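Engineer: Take a look at this one; I'll ask things after.
Bear in mind that the values in this text are calculations on the coordinates, not laboratory data. Because the structure is a prediction, the values reported are computed rather than measured. Every residue, glycine as well, gets a Cβ built from its backbone with ideal geometry; the counts of neighbours run over all protein chains shown.
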Amino acid sequence: MRAIILAAGRGSRLLPLTENLPKCLLPVGASTVLSHQLDTLERAGVEEAIVITGFMAGSVEAEVADRTGPMRVQTLFNPFFQVADNLASCWMARDFMDDDFLLINGDTLIEQSLAERVVQSPANDIQVTIDKKASYDSDDMKVSLNGAALTAIGKTLKAEETHGESIGFLRFMQDGPRLFQDKLHQMMRTGDGVQAWFLSAIDALAKTDTAVMTLSIEGMTWAELDTMDDYAAIKTIFG
């Protein structure tokens with residue numbers, strides 16, 4: 001299994017910590033956000049990882065170059081990172097979507113058992129990992145469901161149509177890589193393509209006859225790094 005990690009962003013909400021350091025290289029214990037992700041994926045049996053870089057790409061490349069271990073890791077620079085959102089990072093990595101793969105945001109940290117559960121869950125074309133909680137805020141990437149099938153995903157879903165949130169960790173198998181590639185090509189040809197989140201492509205697929213499934217990891221440990229409060233929590237949980 002291959003993993004694609006979207007780590008091109010700076011993390012402006014974490015300034016001044018990210019003044020001269022990309023968010024993915026912020027320290028977490030004796031490691032960094034990125035190295036923690038790579039170590040977790042490697043222990044879960046992932047054989048190869050592609051890290052999409054952007055802000056201070058050389059520092060990320062140096063971190064990857066220092067790694068040892070069985071998992072092959074390489075970087076891919078997104079030259080549009082300052083003017084584009086992460087749909088463009090996915091489009092940059094389209095040639096690595098020729099087989100089953102995982103897609104994870106560069107600011108999502110997960111425990112090893114969660115990664116193993118996603119990797120080992122029954123095969124389907126597209127699978128979005130979700131969590132469920134009592135309430136959701138405006139920054140959560142909320143999901144609407146019909147059973148385990150995804151019907152919509154986005155930050156602006158109303159409370160009555162929200163059944164969980166995406167944690168930023170997806171799996172593509174069987175026809176999923178081709179379906180996602182095709183949607184990337186279609187959306188990048190539109191005027192709004194470079195400003196779109198990749199999950200808008202998943203939302204568009206879910207609104208067709210494509211079966212986009214979900215996997216709930218409720219009760220398992222994960223965290224997202226956007227704010228100073230998030231960073232304090234991550235250092236406590238994963239440090």
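Engineer: Quick one: in the range 24-43, which of the residues that are within 14 Å of THR108 (Cβ to Cβ) and hydrophobic (A, V, I, L, M, F, W, C) is surrounded by the most Cβ atoms within 10 Å (Cβ to Cβ)?
Structural biologist: The residue in question is CYS24.
Engineer: Only one of (1) over 20 Å from LEU170 (Cβ atoms); (2) assigned to a helix (DSSP H, G or I); (3) in contact with a helix residue (DSSP H, G or I) (Cβ under 6 Å, 6 or more places away or on another chain) is not met by ALA115, so which one is it?
Structural biologist: All conditions are met except number (1).
Engineer: I need the full set of residues from the range 134-147 which are closer than 21 Å to ASP209 by Cα and surrounded by 14 or more Cβ atoms within 10 Å (Cβ to Cβ), in order please.
Structural biologist: Scanning the range 134-147 gives LYS142, VAL143, SER144, LEU145.
Engineer: Still on this model: Could you list, ordered by first residue, the pairs with Cβ atoms under 6 Å in which the first is in the range 1-22 and closer than 26 Å to VAL73 by Cα and touching a residue at least 24 places away in the same chain (Cβ under 8 Å) and the second is of a type in the set (Asp, Glu) and in a strand (DSSP E or B), at least 6 apart or interchain?
Structural biologist: Close Cβ pairs satisfying both conditions: ARG2/GLU48.
Engineer: Only one of LEU6, LEU21, LEU14 is under 18 Å from the mean Cα position of the chain (by Cα) and surrounded by 18 or more Cβ atoms within 10 Å (Cβ to Cβ); which?
Structural biologist: LEU6
Engineer: Does ASP125 satisfy the condition of being acidic (Asp, Glu), more than 25 Å from LEU215 (Cα to Cα) and either in contact with a Phe, Trp or Tyr (Cβ under 9 Å, 6 or more places away or on another chain) or exposed (fewer than 15 other Cβ atoms within 10 Å of the Cβ) (or both)?
Structural biologist: Spelling it out, it is not the case that ASP125 is acidic (Asp, Glu), more than 25 Å from LEU215 (Cα to Cα) and either in contact with a Phe, Trp or Tyr (Cβ under 9 Å, 6 or more places away or on another chain) or exposed (fewer than 15 other Cβ atoms within 10 Å of the Cβ) (or both).
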